[in-house]
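Student: I'd like to ask you about the structure that follows.
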């Protein structure tokens with residue numbers, strides 16, 4: 001089991017801080033994110049579905065999504081991106097690979113951003129088959145049911 005608060009504290013020292021938490025539909029990812037935000041003053045939940053609906057945005061490709069996230073002036077250092085499935089589920093395999101490449105290699109802290117981005121997503125075979133590790137050998141792609149309750 002993974003102590004998620006310790007994981008977040010460790011991520012603060014990393015050069016590449018973006019991570020994915022995934023689980024089946026309706027598995028409690030949003031509720032977990034809400035509990036995390038309530039417990040930690042450094043966490044903010046950014047609901048991508050609401051953002052797109054409120055701003056009448058059309059779905060972005062991975063490059064446009066990252067551009068929007070990196071330009072946004074978030075007030076807290078840890079940004080949990082919830083409800084991104086509507087976007088990622090419409091992407092081609094190439095777009096998903098591009099998204100994962102950015103997480104694995106290209107989005108760096110503090111060079112590109114001062115934030116840690118956590119995507120809470122529905123499980124996808126692509127996430128199960130990829131290994132991204134931080135400098136301590138911990139995976140940056142986490143299955144929700146492997147995380148200790150908050």
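Student: Of the residues that sit in the range 129-146 and are touching a helix residue (DSSP H, G or I) at 6+ places or on another chain (Cβ under 7 Å) and part of a loop (DSSP other than H, G, I, E, B), which one is surrounded by the fewest Cβ atoms within 10 Å (Cβ to Cβ)?
Tutor: 136
Student: When the residues of the range 17-58 are filtered to those that are in a loop (DSSP other than H, G, I, E, B) and free of Cβ contacts under 8 Å to residues at least 24 places away in the same chain, which remaining residue is farthest from residue 136 (Cα to Cα)?
Tutor: The selected residue is 56.
Student: Could you go through the range 93-109 and let me know if any residue there is within 29 Å of residue 136 (Cβ to Cβ), in contact with a strand residue (DSSP E or B) (Cβ under 8 Å, 6 or more places away or on another chain), assigned to a strand (DSSP E or B) and touching a residue at least 12 places away in the same chain (Cβ under 8 Å).
Tutor: Taking the range 93-109 and keeping what is within 29 Å of residue 136 (Cβ to Cβ), we get 96-109.
Restricting the remaining residues to those that are in contact with a strand residue (DSSP E or B) (Cβ under 8 Å, 6 or more places away or on another chain) gives 103, 107, 109.
Then drop every residue that is not assigned to a strand (DSSP E or B), which leaves none.
Scanning the range 93-109 turns up no residue that is within 29 Å of residue 136 (Cβ to Cβ), in contact with a strand residue (DSSP E or B) (Cβ under 8 Å, 6 or more places away or on another chain), assigned to a strand (DSSP E or B) and touching a residue at least 12 places away in the same chain (Cβ under 8 Å).
Student: Can you tell me which residues in the range 17-34 are surrounded by fewer than 13 Cβ atoms within 10 Å (Cβ to Cβ) and either out of contact with any strand residue (DSSP E or B) (no Cβ under 6 Å at 6 or more places or on another chain) or closer than 20 Å to residue 102 by Cβ (or both)?
Tutor: So the first thing to find is which residues in the range 17-34 are surrounded by fewer than 13 Cβ atoms within 10 Å (Cβ to Cβ), and the list is 24-26, 31.
24, 26, 31, listed by residue number.
Student: Go over the candidates 121, 81, 87 one by one and state the one that is assigned to a helix (DSSP H, G or I) and buried (at least 20 other Cβ atoms within 10 Å of the Cβ).
Tutor: The match here is 87.
Student: Those residues that are closer than 17 Å to residue 42 by Cβ and touching a helix residue (DSSP H, G or I) at 6+ places or on another chain (Cβ under 7 Å), I need them from the range 77-125; list them, please.
Tutor: Of everything in the range 77-125, those that are closer than 17 Å to residue 42 by Cβ and touching a helix residue (DSSP H, G or I) at 6+ places or on another chain (Cβ under 7 Å) turn out to be 78, 80, 81, 82, 113, 116, 117, 120.
Student: Taking the options 99, 132, 119, name whichever one is at negative phi and at pLDDT 95 or above.
Tutor: Values: 99 fails: at pLDDT 95 or above; 132 fails: at pLDDT 95 or above.
Answer to the selection: 119.
Student: While we're here: What's the total number of residues in the range 1-16 that are buried (at least 19 other Cβ atoms within 10 Å of the Cβ) and either touching a strand residue (DSSP E or B) at 6+ places or on another chain (Cβ under 7 Å) or assigned to a strand (DSSP E or B) (or both)? Spell out how you get there, then give the answer.
Tutor: Let us first name the residues in the range 1-16 that are buried (at least 19 other Cβ atoms within 10 Å of the Cβ), namely 4, 7-8, 11, 16.
Okay, now just the ones that are also either touching a strand residue (DSSP E or B) at 6+ places or on another chain (Cβ under 7 Å) or assigned to a strand (DSSP E or B) (or both), so 4, 8, 11.
Qualifying residue count for the region: 3.
The values are calculated or read from the model by the stated rules, or taken from the named source; none is laboratory data. A quick note: this is a predicted structure, and the numbers were derived from the prediction, not measured. Cβ atoms come from the backbone with ideal geometry, glycine included; neighbour counts cover every protein chain shown.
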